[in-house]
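Asks: The structure under discussion is supplied below as structure tokens; questions concerning it will follow.
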Amino acid sequence: MADSTTRRAQELELDDIQGTLLRQRPSPYTGAYFLLRVDEATDGRLFLKRLVPHLASAARWWDPPSRAWLSVALSHAGLRALGVPQASLDSFPDAFREGMAARADRLGDTGESAPAHWDAPLGSPDVHLAVSAFAPDDAALESLLQTGRDALRDLSGVRLIYRLEASQLPTKRTHLGFVDGIGEPDIEGAGVASVLQAGQDPYGYLPGFGPTIKAGEFLLGYENQLGRLAPMPQPETLARNGTYVAFRKLHLKVADFRRYLRDNASSPDEEELLAAKMVGRWRSGAPLVLAPEHDDPDLAADPTRANDFAYAQDDPAGLRCPMGAHIRRMNPRDALSDTLVDVRLHRALRRGTTYGPLLPEGELEDDGVERGIVFIFMGADLVRQFEFLKAQWANDGDFVGLGTEKDPLIGDNDGTGTFTIPRHPVRRRLQQLPRFALTKGGEYLFMPGIRALNWLAELET
């Protein structure tokens, strides 16, 4: 049962929350992810002590000293390497303690995507600390990177073991050509206006709650949609204002995607419609529910309209947006309102970034260059949120009456998959769906609050 503090209107401690959890990075952006190994606990703690003053909190995200943004997260092995007591380590949930690689089968990371084929050191016990650095331009990023170098100076017990450049493409879209980052959940108390303000949700797909979701779904220490506090690792100082992170490096098979569209369409316009059917939005971001026949960039550019739709009310049979389309799977909205599934319990925050150069327009053959997207999922429950999304909504079609049909974009398809497009008079079913997103690595991380990072920095062995 929630205690008296959770029954009051929740006020988030924005100064203690790492900004990347609640705020969007700038656009355009340039940046990188860094993975580090801690061989000496004292050096690891000193590195954190030097770095923490430069982290932007959710309260001062828009005006950091250098107009650049750092965030820090740790694996379970990293917490151990810093000297966190065993009782505290044991208090973390099983999924986090086991790590993403150990849970690959339930995530659909099989075949080409299996951990045996991941880029080293992803998925290994060597990954202890993960640091992200992003800025609106190269000069601000270089200043931030110098901060990181200064924090590492003379610390032989902390080693950089991996770096991945991740900058926004000139198109400001993904490698597949789609605008990304649309439809993020609105968090109660986050201090960001909702796309659909309270009272303006005409379909009531969040009955009784308006369009916001309780902060405890994404932050430890706050009431969640079940009306209680999520289980927290101990001590509370370490847990409060923290969250869990699923870090995923996905290689996108851009040429394969283009060829599949070409082979299953009779014209460029039909290719675009097929791509939209698979995703649920046109490449501009305009949703099929509101723009079923043609792209509508003006609609896509208006955030008050681009997400103002519901499936059961506007498209119950999937004639506009197929039941198995990517965005309909990942956020069914009101489509499951007549079942026991509460969609709000399975939402997760996403912070995707692109890596690698664009494949030239019109190229249908793979050039062997690494390109793709880094997916960052954040939430208070790895199993109920991230793993549920992957295992049930991405890789199992039963919840929408599609049997074994998988997500056409991120599902673990193997060349035998199908994708169903409802239409009158006869539905269309595409065959031999390949895997377009190949997992190249991943980690389960814990992103502590800023006070917790200071607590870690002051630990004594």
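Asks: Quick one: V131 ticks every box in (1) under 21 Å from K440 (Cβ atoms); (2) part of a loop (DSSP other than H, G, I, E, B); (3) β-branched (V, I, T) bar one, so which box is it?
Replies: Status for V131: all satisfied but (2).
Asks: Quick one: would you say Q234 is at pLDDT 95 or above and surrounded by fewer than 19 Cβ atoms within 10 Å (Cβ to Cβ)?
Replies: Taking the combined requirement at face value, the residue satisfies it.
Asks: When you scan region 64-85, do you find a residue that is among the charged types (D, E, K, R) and part of a helix (DSSP H, G or I), even just one?
Replies: Yes, region 64-85 contains at least one residue that is among the charged types (D, E, K, R) and part of a helix (DSSP H, G or I).
Asks: Out of A139, A151, which single residue is over 30 Å from A306 (Cα atoms), touching a residue at least 12 places away in the same chain (Cβ under 8 Å) and part of a helix (DSSP H, G or I)?
Replies: Only one candidate qualifies: A151.
Asks: With (1) surrounded by fewer than 18 Cβ atoms within 10 Å (Cβ to Cβ); (2) within 19 Å of L409 (Cα to Cα) as the list, and D342 as the residue in question, which single condition is left unmet?
Replies: It is condition (2) that D342 fails.
Asks: Counting only residues that are on the phi > 0 side of the Ramachandran plot and either touching a Gly at 6+ places or on another chain (Cβ under 8 Å) or aromatic (F, W, Y) (or both), how many does region 373-418 have?
Replies: 1
Asks: Could you list all residues from region 347-359 that are part of a loop (DSSP other than H, G, I, E, B) and among the charged types (D, E, K, R)?
Replies: Correct list: R347, R351.
Asks: So G362 fits all but one of (1) in a loop (DSSP other than H, G, I, E, B); (2) within 16 Å of the chain's Cα centre (by Cα); what number is the exception?
Replies: (2)
Asks: Are any residues in region 345-356 on the phi < 0 side of the Ramachandran plot and either surrounded by 17 or more Cβ atoms within 10 Å (Cβ to Cβ) or under 13 Å from the mean Cα position of the chain (by Cα) (or both), and if so, which ones?
Replies: H346, R347, A348, L349, R350, R351, G352, T353, T354, Y355, listed by residue number.
Asks: Something else now. Looking only at residues that are surrounded by fewer than 20 Cβ atoms within 10 Å (Cβ to Cβ) and either out of contact with any helix residue (DSSP H, G or I) (no Cβ under 6 Å at 6 or more places or on another chain) or in a loop (DSSP other than H, G, I, E, B) (or both) in region 44-60, which one is modelled with the lowest pLDDT?
Replies: R60
Asks: Going through A312, A265, A276, A239 one at a time, which residue ends up being of a type outside the set (D, E) and without any contact (Cβ under 8 Å) to a residue 12 or more places away in the chain?
Replies: A265
Asks: Looking at E405, E387, E370 in this structure, which one is among the acidic types (D, E), in the same structural domain as P292 (by TED's automatic domain parsing), in contact with a Ser or Thr (Cβ under 8 Å, 6 or more places away or on another chain) and touching a residue at least 12 places away in the same chain (Cβ under 8 Å)?
Replies: It is E405.
Asks: While we're here: On the basis of being of a type in the set (K, R), assigned to a loop (DSSP other than H, G, I, E, B) and at pLDDT 95 or above, does R451 make the cut?
Replies: No, not satisfied.
Asks: If a residue counts only when it is closer than 24 Å to F178 by Cβ and not hydrophobic (A, V, I, L, M, F, W, C), which helices (runs of 4 or more DSSP H) contained entirely in region 208-288 have at least 3 such residues?
Replies: 254-263, 268-279
Asks: Return only the number of the condition from (1) over 25 Å from S75 (Cα atoms); (2) modelled with pLDDT of 95 or more; (3) of a type in the set (F, W, Y) that W393 does not satisfy.
Replies: Exception for W393: condition (2).
Asks: Name every residue in region 153-175 that is touching a strand residue (DSSP E or B) at 6+ places or on another chain (Cβ under 6 Å), surrounded by 15 or more Cβ atoms within 10 Å (Cβ to Cβ) and of a type in the set (A, V, I, L, M), in order of residue number.
Replies: V158, I161, L164, A166, L169 - these are the residues of region 153-175 that are touching a strand residue (DSSP E or B) at 6+ places or on another chain (Cβ under 6 Å), surrounded by 15 or more Cβ atoms within 10 Å (Cβ to Cβ) and of a type in the set (A, V, I, L, M).
Rundown of residues vs (1) in the same structural domain as K406 (by TED's automatic domain parsing); (2) more than 20 Å from E11 (Cα to Cα), yes/no style:
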{"site": "P231", "(1), (2)": "no, no"}
{"site": "T237", "(1), (2)": "no, no"}
{"site": "Y244", "(1), (2)": "no, yes"}
{"site": "R259", "(1), (2)": "yes, yes"}
{"site": "A286", "(1), (2)": "yes, yes"}
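Asks: Still on this model: Could you tell me which of the residues A104, A87, A41, A116 is over 23 Å from G216 (Cβ atoms), surrounded by fewer than 21 Cβ atoms within 10 Å (Cβ to Cβ), at pLDDT 95 or above and in contact with a Gly (Cβ under 7 Å, 6 or more places away or on another chain)?
Replies: A41
Asks: I'm checking my understanding of the structure. Among residues of region 306-329 that are in a helix (DSSP H, G or I) and in contact with a strand residue (DSSP E or B) (Cβ under 9 Å, 6 or more places away or on another chain), which one is modelled with the lowest pLDDT?
Replies: The selected residue is A306.
Asks: Right, another one. Of these, A81, A87, A101, which one is more than 30 Å from G415 (Cβ to Cβ), in contact with a strand residue (DSSP E or B) (Cβ under 8 Å, 6 or more places away or on another chain) and in contact (Cβ under 8 Å) with a residue 24 or more places away in the chain?
Replies: Result of the check over A81, A87, A101: A81.
Asks: When you go through A81, A73 one by one, which is the residue that is under 30 Å from T171 (Cα atoms), aliphatic (A, V, I, L, M) and buried (at least 17 other Cβ atoms within 10 Å of the Cβ)?
Replies: Among A81, A73, only A73 is under 30 Å from T171 (Cα atoms), aliphatic (A, V, I, L, M) and buried (at least 17 other Cβ atoms within 10 Å of the Cβ).
The values are calculated or read from the model by the stated rules, or taken from the named source; none is laboratory data. Quick caveat: nothing in here was measured; it's all calculated off a predicted structure. Glycine also receives a Cβ, built like all others from the backbone with ideal geometry; neighbour counts cover every protein chain displayed.
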